[in-house]
1. Using alpha carbon coordinates only, what is the Rg to Rh ratio of the chain, with Rh defined as the Kirkwood radius?
2. Averaged per residue, what accessible area in Å² does segment 124-294 show with a 1.4 Å probe, protein chains only?
3. Ignoring ligands, DNA and RNA, what percent of the accessible area of segment 124-294 is carbon or sulfur (1.4 Å)?
4. If amide H atoms are built 1.01 Å from N in the plane of the peptide, which residues on other chains or at least 5 residues away come under 5 Å of the amide H of ASN268?
5. For segment 124-294, what relative contact order do you get, as a whole percent, if you take Cα pairs closer than 8 Å and at least 6 residues apart?
6. Which is farthest toward the positive dipole end of the chain among HIS278, PRO162, ALA27, measuring Cα position about the Cα centre, with Cβ charges +1 (Lys, Arg) and -1 (Asp, Glu)?
7. Check cross-link reach from LYS128 to the lysines: straight Cα distance under 19 Å, and skip same-chain residues fewer than eight apart.
8. Which three numbers, in whole Å and largest first, are the semi-axes of the equivalent ellipsoid of segment 124-294 derived from its Cα gyration tensor as √(5λ)?
Amino acid sequence: MIIVPEKEIAGLIGRAEAFDAVENVFAAMSSGAAYNFPVIREAIGHADALYGFKSGFDRSSLALGLKSGGYWPGNADKGLTNHQSTVFLFDADTGQAKAVVGGNLLTALRTAAASAVSIKHLARKDAKVLGMIGAGHQSAFQMRAAVEQRNFEKIIGWNFHPEMLSRLEETASELGLPYESVDLDRMGAEADVIISITSSFDPILMAGQVTEGTHIACMGTDTKGKQEVDAELVATATLFTDEVAQSATIGECQHAVASGIVSRDNINEIGAVINGTHPGRTSESEITLFDGTGVGLQDLAVASAAVDLAVRKGVALQVDF
Ligand code: NAD
């Protein structure tokens, strides 16, 4: 069995590899070659932790396994990341344990890759202004991946906690792009692409604020009850997601579906656009919305890529198991 420790991941897999892995697995999900197993998520009654598994199988790449992970709110006080993830891969031909891979950085890379895939396939080609809603841990990964998809000339940002906005400014500066903090009216009026990556339980961006032709990637809502944009905006947009079942129950579309203004049939798989079986954006004026709920197959795809790279670069630990 191979072990790829968390500390090796940064030196192994970058945005380009994560992007390819995620784009390929979204395509495989849509063609029926890959599917996610039901998600397990439990409040374990200890350390205030939420713990669970995301798992699946991709017959095209033979990635089989699970991501075990969760949220330990007290970790920061111990100098640890609150979100903790580990990916376990199995040999699809024998069922034997194949690899254990540190999953913390991989989670950020695969989540950023998902919105970047949506921008590649759905944003207007002439998009110039990138809007960021959210300034937490994931936001910097999101921004770095997004700017590789279009010739963005400016970043604008908004966050519920303004004291965190310096992260967006610093990341934009690292990318050599001008940055400005704006209110939500300006966000909607000026941004060609908007990424939301917050842990909000109330709508932040409203339908009346967003202009024609915008692409929105809603990446923060991954649990029942969370919400980043109002249901009317969801109903106005042409909808895409990683997995329709998750989008309608734990993703950004959950509220519009629950209130009956959007039906599951109106939510399209991004994989269908990648495979060319859905046209994606069909006009310059359309608002497109990608609901990135986060699926186990994304984790397996990037972990498999990390294992291949670790073996190639000689940093994989081999263990008799
Ligand atoms: P973080 O704790 O570092 O940052 C949280 C962000 O949410 C900050 O911008 C904060 O200001 C904002 N926020 C907190 N409370 C808010 C409120 N009441 N209203 C509006 N905004 C609020 O978290 P992170 O690691 O950056 O993750 C952000 C979100 O992304 C989380 O909800 C996380 O669960 C989600 N996430 C989704 C995926 C996916 O695949 N879709 C993957 C990883 C993380």
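1. 0.96
2. With all protein chains present, segment 124-294 gives 40 Å² per residue.
3. Of the solvent-accessible surface of segment 124-294, carbon and sulfur hold 49 percent.
4. Correct list: LEU239, PHE240, THR241.
5. 21 percent
6. Of the listed residues, the answer is ALA27.
7. Straight-distance partners of LYS128: LYS120, LYS154.
8. 24, 18, 14
The values are calculated or read from the model by the stated rules, or taken from the named source; none is laboratory data. Treat the numbers as computed from the prediction; the structure is a model and nothing was measured. In this analysis, Cβ positions are derived from the backbone assuming ideal geometry, glycine residues included, and neighbour counts consider all displayed protein chains. Accessible surface is based on the protein model in full, side chains and every heavy atom, while ligands, DNA and RNA are left aside. Shrake-Rupley method; radii C 1.70, N 1.55, O 1.52, S 1.80 Å.
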